[in-house]
Amino acid sequence: MNVIETAIPEVKIFKPRVFEDERGFFMESYNRRIFNELVSMDVEFVQDNHSASTKNVLRGLHYQIQQPQGKLVRVTRGEVFDVAVDLRKSSPHFGQAVSTVLTADNHEQMWIPPGFAHGFLVLSEKAEFLYKATDFYAPEHERTLLWNAPELAIDWPLTSQPILSDKDQQGMPLSKAEAYS
């Protein structure tokens, strides 16, 4: 597995070895020992999630202020623009965002450690998005950072107005959002 570093060192992109032939492909999408070595921590995933969305759906930027979740995310169908925002006040990267394009064809995965908000925009007609989480979903602790907050300066590759849930339309700007110490 190759690691692609990002502008925020704790957020990493993984490019697995993919073996392809006329029958299709094979890849190891997760190996705990290798993953923990690459992120330099002992990570235990407790929940897997799977979503399906259509073009221009924007989900996020979500995080849990208590029971923060680290996420290992990937796309199994289509293409998404994936974003992580550092919400750790003690971090030199507080308020900064990193992004990448994840596709079913490139097989890349992004590791977003606890302490970050996460979201994605669907670029293809349809996309299926999978992620492993390090803590259980806790709706009472879920928060939403405003996806287009000017101080985040995220360059979303929008071709039209995004399709947002009510929750995502009412996200908080960084200046008013709860953050981690």
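Within the range 122-135, is even one residue free of Cβ contacts under 8 Å to residues at least 24 places away in the same chain and either aliphatic (A, V, I, L, M) or surrounded by fewer than 16 Cβ atoms within 10 Å (Cβ to Cβ) (or both)?
No; the residues of the range 122-135 include none that is free of Cβ contacts under 8 Å to residues at least 24 places away in the same chain and either aliphatic (A, V, I, L, M) or surrounded by fewer than 16 Cβ atoms within 10 Å (Cβ to Cβ) (or both).
For PRO173, all conditions in the list (1) touching a residue at least 60 places away in the same chain (Cβ under 8 Å); (2) under 22 Å from GLY70 (Cα atoms) hold save one; what is the number of the exception?
Failed condition: (1).
Return the pair list, or none, for Cβ contacts closer than 8 Å from residues in the range 62-87 that are in contact (Cβ under 8 Å) with a residue 12 or more places away in the chain and at positive phi to residues that are assigned to a strand (DSSP E or B) and crowded, with 24+ Cβ neighbours inside 10 Å, at least 6 apart or on different chains.
GLY78/VAL122; GLY78/ALA127
State the number of residues belonging to the range 1-19 that are in contact with a Phe, Trp or Tyr (Cβ under 8 Å, 6 or more places away or on another chain) and part of a strand (DSSP E or B).
8
Among the residues of the range 9-46 satisfying the criterion of being among the acidic types (Asp, Glu) and touching a residue at least 12 places away in the same chain (Cβ under 8 Å), which is nearest to VAL75 (Cα to Cα)?
Here the residue is GLU28.
Within the range 58-79, which residues are in contact with a Lys or Arg (Cβ under 9 Å, 6 or more places away or on another chain) and of a type in the set (Val, Ile, Thr)?
ILE65, VAL73 - these are the residues of the range 58-79 that are in contact with a Lys or Arg (Cβ under 9 Å, 6 or more places away or on another chain) and of a type in the set (Val, Ile, Thr).
Identify the single condition in (1) within 15 Å of THR134 (Cα to Cα); (2) aromatic (Phe, Trp, Tyr); (3) in a strand (DSSP E or B) that TYR30 does not satisfy, given that it satisfies every other one.
(3)
Let me spell it out: the conditions are (1) of a type in the set (D, E, K, R); (2) under 21 Å from LEU146 (Cα atoms); (3) crowded, with 22+ Cβ neighbours inside 10 Å, and ARG74 meets all of them except one. Which number is the exception?
Every listed condition holds for ARG74 apart from (2).
It is to be established whether one or more residues within the range 52-61 are closer than 17 Å to GLU178 by Cβ, modelled with pLDDT of 95 or more and either of a type outside the set (Asp, Glu) or touching a Gly at 6+ places or on another chain (Cβ under 7 Å) (or both).
yes
Go through the range 153-177 and report how many residues are closer than 16 Å to ASP82 by Cβ and outside any loop (DSSP other than H, G, I, E, B).
1
In the list HIS62, HIS50, which residue meets the criterion of being within 19 Å of ASP105 (Cβ to Cβ) and under 15 Å from the mean Cα position of the chain (by Cα)?
Only one candidate qualifies: HIS50.
If I go through the range 45-60 residue by residue, how many of them are assigned to a loop (DSSP other than H, G, I, E, B) and loosely packed, with under 13 Cβ neighbours inside 10 Å?
Of the residues in the range 45-60, 1 are assigned to a loop (DSSP other than H, G, I, E, B) and loosely packed, with under 13 Cβ neighbours inside 10 Å.
The values are calculated or read from the model by the stated rules, or taken from the named source; none is laboratory data. Since we're looking at a predicted model, the values are computed, not measured. Cβ coordinates were reconstructed from backbone atoms using ideal geometry, including for glycine residues, and neighbour counts include every protein chain displayed.
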